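As structure tokens, the structure follows; a few thoughts come after it.
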Amino acid sequence: MKIFIVGVTGKIGFRLARILKERGDEVDGLYRQPDQAGMLASIGITGTFGDLVSTDPQQLAEAMRGSDAIVFSAGAGGAGSEMTEAIDGNGITKSIAAAKLASIKRFLLISVFPEAWRERHMDEGFEHYIMVKKRTDIELSQSGLDWIILRPSALEDKTGAGTINLGVAQIHTEVSRDDVAATLATLLHTPAVSRKILELTEGNTPIPEAVNAMTII
Ligand SMILES: NC(=O)c1ccc[n+]([C@@H]2O[C@H](COP(=O)([O-])OP(=O)(O)OC[C@H]3O[C@@H](n4cnc5c(N)ncnc54)[C@H](OP(=O)(O)O)[C@@H]3O)[C@@H](O)[C@H]2O)c1
């Protein structure tokens, strides 16, 4: 299987790329800083140089062409509302358009719990981010693609447990990026899970079992 990751240099994207390479998949992805080429080469990835803000759907489609699936794990990461619109908003819109131009059906999107931290008083930038993420969830769900929207709880860098809670509705807690990446890799290889919004938290179910359970809901 060949997978194109938008956000391949990110904490989730790079973990996912490494897992996929280890299981024998082909991986490509967009990187925007020349010195990231070495990091990608260290796990056998050439990568496609480009910035999501300036690229257009046609250029992105050319980069993606021949892939079996797209994973979108990019994010502006608190760089301000303008970048949130450019990456978490328009970056997804462009990637959906590019997938269609390149005739790639399968599209996995990292999103967020819309009710994340409702018990806290979050700032305007965070509320705007949540609104943009929800908007793009809707856009992907109406795209006609073979999509999955994966909403992880608050991300942690601790070592993955290999076990999770996965379902259409979960309580927002925490989850390790290792476990998010391993869940994405398993979902990519489980085509029967399609057109579902799935919420992901730390938990006790082994990842293959948790993903397999999503084939019958
Ligand atoms: N933080 C949380 O608790 C949390 C919770 C739920 C969901 N999420 C979601 O998780 C996802 C990312 O997680 P992460 O930890 O992997 O984030 P990350 O490490 O910040 O990765 C973000 C990726 O996006 C790329 N990117 C940003 N701007 C770009 C541009 N203009 N052109 C090309 N690539 C660009 C980054 O590239 P560079 O390496 O060049 O910067 C990087 O590869 C986001 O979708 C976020 O909304 C986060």
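The values are calculated or read from the model by the stated rules, or taken from the named source; none is laboratory data. These figures come from a predicted structure and were not determined experimentally. Here Cβ is always computed from backbone atoms with ideal geometry, including for glycine, and neighbour counts include all displayed protein chains. Areas reflect the complete protein model, heavy atoms only, side chains present, ligands, DNA and RNA absent. Shrake-Rupley method; radii C 1.70, N 1.55, O 1.52, S 1.80 Å.
Calculated from DSSP H runs of 4 or more alone, at -39500 (n - 2.57) each and per residue, what is the 222 nm mean residue ellipticity of the chain, nearest 500?
Result for the chain, helices only: -10000 deg cm²/dmol.
Starting from the stretch 88-136, pick out the trypsin sites (Lys or Arg not before Pro) whose DSSP state is loop and whose Cβ has at most 13 other Cβ atoms within 10 Å.
Here the sparse-neighbourhood loop sites are R118, R120.
What percent does the relative contact order of the stretch 2-216 come to when contacts are Cα pairs within less than 8 Å and at least six residues apart?
Relative contact order comes out at 18 percent.
Can you list the residues, at least 5 places off or on another chain, whose amide H is less than 5 Å from the amide H of E156, using H built in the peptide plane?
Placed amide hydrogens put V175, S176, R177 under 5 Å from E156.
Can you tell me how the stretch 95-200 classifies by the Cα gyration tensor, rounded, prolate or oblate, using a/c under 1.5 as the rounded cut?
Here the stretch 95-200 falls in the oblate category.
For the chain, what does the accessible surface come to per residue with a 1.4 Å probe? Please give it in Å².
Value returned for the chain: 45 Å² of accessible area per residue.
How large is the convex hull of the C-alpha atoms of the chain per residue, in Å³?
Convex hull volume per residue, Cα atoms: 112 Å³.
Hey, can you rank 46-54, 199-207 by average C-beta count inside 10 Å, highest first?
Packing order, densest peptide first, comes out as 199-207, 46-54.
Hey, got a sec? Which chymotrypsin sites (Phe, Trp or Tyr not before Pro) in the stretch 60-157 land in a DSSP loop and have at most 15 other Cβ atoms within 10 Å?
W117
According to a simple spin-label model (label point 7 Å from Cα along Cα-to-Cβ), what is the distance in nm between D123 and A41?
3.9 nm
So who's got an amide H within less than 5 Å of the one on G29, skipping anything under 5 residues away but keeping other chains? H placed 1.01 Å off N, in plane.
Residues meeting the amide H criterion: I5, G47, T48.
Listed highest first by mean packing, meaning other Cβ atoms within 10 Å per residue, what order do 149-158, 30-39 come in?
With the highest mean Cβ count within 10 Å placed first, the list reads 149-158, 30-39.
Under the classification rounded if a/c is under 1.5, otherwise prolate if a/b is larger than b/c and oblate if not, where does the stretch 141-217 fall, given a ≥ b ≥ c as square roots of the Cα gyration tensor eigenvalues?
It is prolate, given that a/c is not under 1.5 and a/b is the larger ratio.
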